[in-house]
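Report on the following structure.
The values are calculated or read from the model by the stated rules, or taken from the named source; none is laboratory data. The structure displayed is predicted, hence computed values, not measured ones. Cβ: placed from backbone, ideal geometry, glycine included. Neighbour counts: every protein chain shown. Just the protein is used for accessible areas: all its heavy atoms, side chains included, with ligands, DNA and RNA removed. Shrake-Rupley method; radii C 1.70, N 1.55, O 1.52, S 1.80 Å.
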Amino acid sequence: MHESKQADRNKLWDLIRKEHTALLVTVEADGSLDARPMGCLQPAFDGTLWFLTFRHSEKLREIAHDSQVLISYARPSDYHYVAVTGRARMIEDAAKLKELWSEAFRVWFPSGPDDPEIALLQVAVIRARYWTRPASILAYAWAYIRARATGQGARASEIAETHTIELE
């Protein structure tokens, strides 16, 4: 079972490691959803995703109210789509912040990694779902012809590989 979980983590990491930006979705106090792009930080994946944000941001207020988040990654050119759900929280860890720091973040935090406005956002991943490997043109054409002839739509598994990974 442990090897299977590690294989799942490795597959997820293979799909997201080259991404520079993800879309973070939080739940607002009234239950509606809010989304914003976030820079991807970590050099490796152990079941936790890391982001930097402003300490007094609306997203942290939303997370304090409801820690459930969704993080979405997309690379349409390769037909890779990943949706990750997890629990988010702000972490006070200067060593981790310095480990994840890049000079590129100085655009947002001019005082560097010691900027008091920086907040470290930790997301413990619960589940991930991904869609990869689109159908060949031939398989897609067959699904189209069948749909036209029978009125029966394609199944998702005919168009792409879909898999759900449970990390908790």
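Computed quantities for the displayed model
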| read-out | value |
| --- | --- |
| Selected residue (only one of S77, S32, S72 is under 12 Å from the mean Cα position of the chain (by Cα) and not aliphatic (A, V, I, L, M)) | S72 |
| Segments classed as strands (runs of 3 or more DSSP E), wholly inside the range 1-79, with at least 1 members that are of a type in the set (D, E, K, R) | 33-39, 68-75 |
| Positions within the range 99-122 being outside any loop (DSSP other than H, G, I, E, B) and aromatic (F, W, Y), in sequence order | F105 |
| Subset of the range 3-45 [of a type in the set (D, E), over 17 Å from T164 (Cα atoms) and open to solvent by 50 Å² or more (accessible area, probe 1.4 Å)] | E28, D30 |
| Counted residues, the range 32-47 - those being at pLDDT 95 or above and more than 18 Å from E103 (Cα to Cα) | 6 |
| Hits in the range 145-162 - residues which are aliphatic (A, V, I, L, M), modelled with pLDDT of 75 or more and assigned to a helix (DSSP H, G or I) | I145, A147, A149 |
| Per-region count, the range 116-136, residues over 19 Å from the mean Cα position of the chain (by Cα) and crowded, with 17+ Cβ neighbours inside 10 Å | 2 |
| Odd one out for H80 among (1) crowded, with 18+ Cβ neighbours inside 10 Å; (2) closer than 21 Å to T26 by Cβ | (2) |
